[in-house]
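Structure first, then comments.
Only the coordinates and a few stated rules stand behind these numbers; no lab work does. Fair warning: this is a prediction, and the values are worked out from it, not measured in the lab. Heads up, the Cβs are rebuilt from the backbone with ideal geometry, glycines too, and the neighbour counts pull from every protein chain shown.
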Amino acid sequence: MGRLTGPVGPRVPIEVPVGPLEGTGRAPAVLRGWVRSGTVRAGVTPVLYCVAGGGCSTGYFDLEVGGRPGYSMAEHAAAAGAVVVALDHLGVGASDTVDDLYAVTPTGLASCHHRATSEVVRRLRAGELGDGLPAIEHPLVVGLGHSMGGMLAAVQQARHRSFDALVLLGTGGDGLPEVLTDDERSVAGPDLRSIEAEIVRLARLRFAAGSTVERRRPSLGTFFTDDVPREVRVAFAAQAVPLLPVCALTSMIPCSAHAERAGHCHHQAAGRRVLWDRILAWVDALAVAARRWS
């Protein structure tokens, strides 16, 4: 993956129909977001399909902080030759609304993102994704998820094999058991779909208006490290969207998420460029290997 020979372009809006999702009151549904890219070289091109965490919009990956440049992962990756795509989850942000957010489950939403990923790849190969973006014959599709989005990307990959590679940030298997009730901690199963109905019930108890569930907060330093400036925290808050309750609770339950590193919000940490460059170097290695295979 080479470096740019020209500037990184602005966000180009895109929308992708993803078909119906049972119980949401939407048939068909549309996901909306954007693509960012710079000058794309011939050969294998990394394509980062970004999946946002709970309460976050696509703006998390392209954060604009007044007077403080350098907090946009999308811009950084595009400058390194990648194509960055981000679509809001169904029910929040720019994507279609739904009648009942509790109907947006991890397996259902993962199916929506799989359909979106497939359509994005089709458009990329046909040169139809964004203005000025040429046809990309050999996309290397990387699912990049943060927090709840990492859980969703993993579910999507396990069920649909959408990606050539995964980057999972702030997610894994440990969850946030310290903030859960005994009933929430007890939920476990070999297959996510088999426990989703119970998670829906528990999510309605936790997030309903007038809920009596005690809201315990995670330990200090979990979401932001101390070196994150106030202006960056304000910009982070500005991109927030409503929580998807079932997906959010799923990512909090053990065996769905993992202990955080560099604080939970990696893209705002002081060492963010080290992380970004390591991800891009790893993707670069995958692209080199793919060239050898082709």
For segment 89-166: rounded, prolate or oblate by the Cα gyration tensor [a/c cutoff 1.5]:
oblate
I'd like the trypsin sites (Lys or Arg not before Pro) in segment 27-56 restricted to DSSP loop residues with at most 16 other Cβ atoms within 10 Å, sorted by number.
Arg41
What size of dipole, in debye to the nearest 20, comes out for the chain about its Cα centre when the only charges are +1 on Lys and Arg C-beta atoms and -1 on Asp and Glu C-beta atoms?
600 debye
Please report, in cubic angstrom per residue, the volume enclosed by the convex hull of the alpha-carbon atoms of segment 29-96.
91 Å³
Just to be sure I follow: if Rg is taken over the C-alpha atoms of segment 12-293 and Rh is the Kirkwood radius over the same atoms, what is Rg/Rh?
0.96
Per DSSP, the loop-located GluC sites (Glu not before Pro) within segment 67-169 having at most 16 other beta carbons within 10 Å are Glu128, Glu137
Separation between the Arg201 and Ala240 pseudo-spin-labels, each 7 Å from Cα along Cα→Cβ, expressed in nm?
3.1 nm
After finding the eigenvalues of the alpha carbon gyration tensor for segment 113-244, what semi-axes result from the square roots of 5 times each, listed largest first in whole Å?
33, 22, 14
Return the tail of the calculated pair distribution for segment 200-249, meaning the percent of Cα-Cα pairs more than 19 Å apart.
47 percent
Burial ranking of peptide ranges 179-186, 105-112 (average Cβ count within 10 Å, highest at the top)
105-112, 179-186
